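The values are calculated or read from the model by the stated rules, or taken from the named source; none is laboratory data. Everything numeric in this text was worked out from a predicted model, so none of it was measured. All Cβ positions, even for glycine, are placed from backbone atoms using ideal geometry, and neighbour counts span all protein chains on display. Note: accessible area is taken over every heavy atom of the protein model, side chains too, but ligands, DNA and RNA are not part of it. Shrake-Rupley method; radii C 1.70, N 1.55, O 1.52, S 1.80 Å.
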Amino acid sequence: MKNESVVQVRGLVKRYGSKTAVDGLDLDVTAGSVTAVLGPNGAGKTTTIETCEGYRRADAGTVRVLGLDPVADAARLRPRVGVMLQSGGIYSGARADEMLRHMAKLHAHPLDVDALIERLGLGGCGRTAYRRLSGGQQQRLSLAMAVVGRPELVFLDEPTAGLDPQARRSTWDLVRELRADGVTTVLTTHHMDEAEELADGVAIVDAGKVIARGSIEELCRGGAENTLRFTGRPGLDLGSLLKALPDGTSAAELTSGAYRISGQVDPQLLATVTSWCAQHGVMPDGISVERHTLEDVFLEMTGRELR
């Protein structure tokens, strides 16, 4: 099943009155992978995910999840798919352990509930009504309910929103374990570091369309040129240095003794710079290679204005 597409979206359109939330969107999710769907507020990512989950009907296009229609085949899909919504889906008066154990009983081979409660730090609030849980506890309970049934595919919508650093790291570890067990995960997040840590593939959504897709490496490599920085004595002969470097490379002394080399930074360029410094009696301090982050790419593609 590896490399098989378990979520296929083709030409998805979803409208709310006169507003088009999703406008001809295409998306593929590979089996056993973690795919992060990123986008500004209002980009259409949550509507897309909810359509894949069967909570919304497409106005146009096709959606197949594990080869099935998420609306027409909902009864067949439900035991195989875990869903963590942004909010809702849990009775406000139900106790945390009560809801989780009820969810576990709906599946043939659930995870050990007590172990899951311990793993996600819910042991101290098991008898507490859902509405009285903190935001972070509610998030962790929603995550537990999404994975307790051992799903083949799990949708996580903003899984670490409102979590403290410890709970966030624990959630990341759980997602990694799901992948190691062959579970396919689709997550939406506004945390770029979360996507960089977890995702095998990324789809960036804006104005109802996927505007970029690929691995973190592919997306970041497609941005601006890489940059190498180092410090040395002021007034180095940059003309001489440039003669040793590939065509298209630039060099500048930004402040006294602080240098920036821009171009296609690879092991050969790094070796050339250090070799030139050695030949000219220069001790390069603090050599660092700067690359575009996923956040850089995201902002370049979607803009910096508030949504």
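Against the condition assigned to a strand (DSSP E or B) and within 19 Å of residue 215 (Cβ to Cβ), how does residue 37 come out, does it pass? Yes; evaluated as a whole, the condition is true for this residue.
Only one of the listed residues (286, 257, 239) is in contact with a strand residue (DSSP E or B) (Cβ under 6 Å, 6 or more places away or on another chain) and open to solvent by 20 Å² or more (accessible area, probe 1.4 Å). That residue is 286.
Checking the stated criteria, residue 229 turns out not to satisfy the condition of being part of a loop (DSSP other than H, G, I, E, B) and modelled with pLDDT under 95.
If you filter segment 104-134 down to residues that are open to solvent by less than 50 Å² (accessible area, probe 1.4 Å) and part of a helix (DSSP H, G or I), you find that the one that is farthest from residue 84 (Cα to Cα) is 125. Give the residues of segment 59-83 that are among the β-branched types (Val, Ile, Thr) and touching a strand residue (DSSP E or B) at 6+ places or on another chain (Cβ under 7 Å), sorted by residue number. Across segment 59-83, the qualifying residues are 62, 63, 65, 81, 83. Of all residues assigned to segment 274-281, at least one qualifies as being closer than 24 Å to residue 221 by Cβ and either in contact (Cβ under 8 Å) with a residue 12 or more places away in the chain or part of a strand (DSSP E or B) (or both).
Looking across segment 206-236, the residues that are crowded, with 18+ Cβ neighbours inside 10 Å and under 22 Å from residue 172 (Cβ atoms) come down to 216, 219, 220. When residue 194 is tested against (1) out of contact with any Gly (no Cβ under 7 Å at 6 or more places or on another chain); (2) open to solvent by 50 Å² or more (accessible area, probe 1.4 Å); (3) at pLDDT 95 or above; (4) of a type in the set (D, E, K, R), just one condition goes unmet, and that condition is (2).
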